[in-house]
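**Q** If you scroll down you'll find the structure; I have some questions about it.
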Amino acid sequence: MADAKTPDSTNKAKYTENDILARIESVLRFTSTELANSETEAQAFERLAEFEAQLLEQQRSVSNALEKVQKYRDEIEKDWNKEKAIHESALDLMANRMKDLYETLRAQEHLLEYAASEQKFLRMLLIEMRKKKRLNETDIERIFARHDALLNEHTQKIKK
């Protein structure tokens, strides 16, 4: 074991003051480089954190903009549905009005037909009265029967 101690003592003797200073300088350079690298990493991490914060802020802005667009779209859709309902109501009212006008027109046509038939009937009655000068009971009953037939005929036309 004494031999083992001898090589150690020779190794210690081999290191000179310059070697030790060079080693210390090397360790200091390494430490300085590591400190510079860690400073660069810290700055990079700080920039990354700032970038992430900006990205989050932009994401919030985009989300808010999308919400506003959705609300605007919903409002437009509601307005469109209201307008559509109003338009459909107006069409229904117009259809009902047209139906009423058609029924009024049909009633007026029936009334005109009846008035024309009544006028024709009265002309024939006047002609017959001028010819006979006097009407007996059978003539009057026959006139009333023709008048009732005329009324029945127009009532059936109206029902159709």
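**Q** Considering only residues that are touching a residue at least 24 places away in the same chain (Cβ under 8 Å) and either β-branched (Val, Ile, Thr) or exposed (fewer than 10 other Cβ atoms within 10 Å of the Cβ) (or both), which ones fall in the range 105-160?
**A** Listed by number, the list holds a single entry, Ile158.
**Q** Let me ask another. Working only within the range 127-150, note down all residues that are assigned to a helix (DSSP H, G or I), basic (Lys, Arg) and more than 21 Å from Tyr114 (Cβ to Cβ).
**A** Taking the range 127-150 as the starting set, the residues that turn out to be assigned to a helix (DSSP H, G or I) are 127-132, 137-150.
This time we only want the ones that are basic (Lys, Arg), so: 130-132, 142, 146.
Those that are assigned to a helix (DSSP H, G or I), basic (Lys, Arg) and more than 21 Å from Tyr114 (Cβ to Cβ): Arg130, Lys131, Lys132.
**Q** Could you please find all residues in the range 126-160 being of a type in the set (A, V, I, L, M, F, W, C) and out of contact with any His (no Cβ under 9 Å at 6 or more places or on another chain)?
**A** Selection gives Leu126, Ile127, Met129, Leu135, Ile140, Ile143, Phe144, Ala145, Ala149, Leu150, Leu151.
**Q** Do you know which of the residues in the range 9-68 that are among the β-branched types (Val, Ile, Thr) and open to solvent by 80 Å² or more (accessible area, probe 1.4 Å) is farthest from the chain's Cα centre (by Cα)?
**A** Just the residues of the range 9-68 that are among the β-branched types (Val, Ile, Thr), to begin with: 10, 16, 20, 24, 27, 31, 33, 40, 62.
Of the ones still in play, those that are also open to solvent by 80 Å² or more (accessible area, probe 1.4 Å) are 20, 24, 27, 40, 62.
On the way: Ile20: 83, Ile24: 77, Val27: 72, Thr40: 54, Val62: 22 Å.
Selected residue: Ile20.
The values are calculated or read from the model by the stated rules, or taken from the named source; none is laboratory data. All values derive from a computational prediction rather than experimental measurement. Cβ sites come from the backbone with ideal geometry, for glycine too, and all protein chains shown count toward neighbours. The protein model used for the area step is the full one, side chains on, heavy atoms only, and it has no ligands, DNA or RNA in it. Shrake-Rupley method; radii C 1.70, N 1.55, O 1.52, S 1.80 Å.
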